[in-house]
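What follows is a set of notes on a single structure, which appears directly below.
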Amino acid sequence: MKLILGLLLLAVAVRMWLKRPRGDAVAELPSWMKTIDTFTTPRALAMGVALSAVNPKNLVLVVAAAAAIAQTGIPGGDQAVALAVFVVIGTVGPGLPVAIYSGMGERSAQILAGLRKWMGRNNGAIMAVIALVIGAKLIGDGIASL
């Protein structure tokens, strides 16, 4: 299973890398991201759940993490703690802009606008590197267990 997930993540990494904007090309944002500033609280919550739980890349990462945790052979309570740590670490990225906005209020607008622009421009490369690292780890684990 780890080998298959690793190969899948490697394919995702290659696809993301090849589709990233190059040079001065402007990154095309998904339609939902273009309208994110107009979201109400319920819609933002619904989109957060949809983008985190239903996104195929996220599902592969969560299944890979669950498989890695389950394969350790540690007791169920310790596995739950490991999964909780994985979830906390996974929320740092999305939680950082929320913390900046909550802590700085209106002063955060310029910082968050710059962060949004940078992440939109580099999203393909960021996702490609993450998928590559995790995919390589899973492939290595899969080969080692053969």
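The values are calculated or read from the model by the stated rules, or taken from the named source; none is laboratory data. Quantities reported herein were computed from a predicted structural model and do not represent experimental measurements. Note that we place each Cβ from the backbone using ideal geometry, even for glycine, and neighbour counts take in every protein chain shown.
Listed values, structure above:
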item: Failed criterion for Ala68 (all others in (1) within 17 Å of Ile130 (Cβ to Cβ); (2) without any contact (Cβ under 8 Å) to a residue 60 or more places away in the chain; (3) small (Gly, Ala, Ser) hold); result: (2)
item: Condition check for Ile4: assigned to a helix (DSSP H, G or I), at pLDDT 85 or above and touching a Phe, Trp or Tyr at 6+ places or on another chain (Cβ under 9 Å); result: no
item: Selected residue (only one of Ala53, Ala67, Ala84 is touching a Lys or Arg at 6+ places or on another chain (Cβ under 7 Å), aliphatic (A, V, I, L, M) and within 30 Å of Leu138 (Cβ to Cβ)); result: Ala67
item: Members of segment 100-119 found to be within 18 Å of Gly48 (Cα to Cα) and exposed (fewer than 12 other Cβ atoms within 10 Å of the Cβ), listed by number; result: Ser102
item: Test: residue in segment 71-78 that is assigned to a helix (DSSP H, G or I), among the aliphatic types (A, V, I, L, M) and free of Cβ contacts under 8 Å to residues at least 24 places away in the same chain; result: no
item: Residue in segment 96-113 that is of a type outside the set (Ser, Thr, Tyr), closer than 19 Å to Gly23 by Cα and in a helix (DSSP H, G or I) present; result: no
item: Residue match in segment 131-145 (condition: acidic (Asp, Glu), surrounded by 11 or more Cβ atoms within 10 Å (Cβ to Cβ) and farther than 23 Å from Leu29 by Cα); result: yes
item: Residue count, segment 114-146 (criterion: polar (S, T, N, Q) and outside any helix (DSSP H, G or I)); result: 1
item: Residues that are under 14 Å from the mean Cα position of the chain (by Cα) and closer than 22 Å to Lys34 by Cα, drawn from segment 92-127; result: Gly93, Pro94, Gly95, Leu96, Met119, Gly120, Asn122, Asn123, Gly124, Ala125, Ile126, Met127
item: Hits in segment 37-62 - residues which are without any contact (Cβ under 8 Å) to a residue 60 or more places away in the chain and surrounded by 14 or more Cβ atoms within 10 Å (Cβ to Cβ); result: Phe39, Met47, Leu51, Ser52, Val60, Val62
item: Matching residues in segment 30-52 - criterion: being in a helix (DSSP H, G or I) and among the hydroxyl-bearing types (Ser, Thr, Tyr); result: Ser31, Thr38, Thr41, Ser52
item: Among residues of segment 7-29, those that are exposed (fewer than 11 other Cβ atoms within 10 Å of the Cβ), assigned to a helix (DSSP H, G or I) and among the charged types (D, E, K, R), counted; result: 0
